[in-house]
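Please read the structure below before turning to the comments.
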Amino acid sequence: MKLAIFGAGAWGTSLSIAFSRRHDVSLWTWQEDHCRAMRRDGENRQFFAGHKLPSAVRIEHELPAALAAAELALIVTPLAGLRETLRGVVGQQGSVPVLWACKGLEASTGLLPHQVVAEEAAGLRCGALTGPTFAEEVARGLPTAMVVASTDAAFARALAQELNDARLRIYANDDVVGAEVGGAVKNVLAIAAGVCDGLGMGLNARAALLTRGLAEITRFGIALGGRRETFMGLTGMGDLILTCTGDLSRNRRVGLALAGGKPLAEITRDLGHVAEGVPSAREIARRAQAMGVEMPITAAVCALLDGRIKAADAVALLMNRDPKDEAA
């Protein structure tokens, strides 16, 4: 398959390495100097140093060159870049099927990625590529499982079959809402997990946080139309466990730094990459409140990110809530 990957950050670069094992891959970056540097160095030193790009991966800066004869476009920008990148792809080649691998809710609109795509390209054959993944491990060829989620079940199954290989197992799912909600909310919960670990609250506290966090994901996702069983799978529980416990998690690192008292602006500057839980937290909380969905962990993370409370106060706020039935 001829695959055009749009977005040469760590994740886009990692996927270009992984998919080039079986497919003809082009990797697009919007920065011309970044394109020249990757061609010269044979790796993405700016965002993913230490991982050599296979010689078969074509590095492009111009959209027409990246899309030439492409059978699938994969958008791997931060969510903030999805809309603009999609416009460019569709404007250049409107019939090409599209997958996106960004997670979160769009700032200011509160839309999930598939809703952004529907606004920009109604009727497009499309879906989300998501699941519990760290770019570092995918690039190294370590065993990983992901999901292609699309309302077009046949499209999801066909792409899962096409993209699957011995080191990257791909499953199909037709619950796009559920898959996207899991990927969005787990980033916010990972910030909370980082705070928990950074304050030395212990493994019992982390287990409680993940379990109650999964309840928040499920309540929010069902309210938006997702299916309960999706939240027990790779894009729900699987992604939550990985992001909240793995040392490679950017969002968890944000929480660790907040627990240490660092200002958010300094944390995001030093991180060097986008931690999607930071912009998504407020949109998730706003949309949940509008629907009457209770999400106390997300609300506490928002208060912490906004500087309204300190890290220790966020933990106390959650622990001092009135007892209730676990199923509530």
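The values are calculated or read from the model by the stated rules, or taken from the named source; none is laboratory data. Since this is a predicted model, take the numbers as computed values, not measurements. We place every Cβ from the backbone using ideal geometry, glycine too, and count neighbours over all the protein chains shown. Areas reflect the complete protein model, heavy atoms only, side chains present, ligands, DNA and RNA absent. Shrake-Rupley method; radii C 1.70, N 1.55, O 1.52, S 1.80 Å.
Brief remarks on what is shown
- Computing FRET efficiency as 1/(1 + (r/R0)^6) for THR211 and ASN320, where r is the C-beta to C-beta distance and R0 is 30 Å, gives about 0.95.
- Degrees, to the nearest 10: 176-198 long Cα axis against longest axis of the chain: 60
- Heavy-atom accessible surface of segment 266-328, averaged per residue, reaches 58 Å², computed with a 1.4 Å probe.
- Angle of helix 10-19 to the longest C-alpha principal axis of the chain, folded into 0 to 90 degrees and rounded to 10: 50°.
- Potential lengthening between ALA49 and MET291 on full extension [0.36 nm per residue; Cα-Cα distance subtracted]: 82.8 nm
- Spin-label model distance (nm) - THR151 vs GLU119, 7 Å beyond Cα toward Cβ: 1.6
- Using the Cβ-Cβ distance between LEU271 and ALA68 with R0 set to 30 Å, the FRET efficiency from 1/(1 + (r/R0)^6) comes to roughly 0.30.
- Shown for the chain: the carbon plus sulfur share of the solvent-accessible area, taken with all protein chains present and a 1.4 angstrom probe, equals 52%.
- 0 to 90° range, to nearest 10: angle between helix 250-259 axis and the chain longest Cα axis: 30
- Here the chain carries DSSP beta bridges of which approximately 15% are antiparallel, counting only pairs with both residues inside.
- For segment 163-299: relative contact order, % (alpha-carbon pairs under 8 angstrom, 6 or more apart): 35
- Å² of accessible area per residue within segment 1-157, as computed with a 1.4 Å probe and no ligands counted: 40
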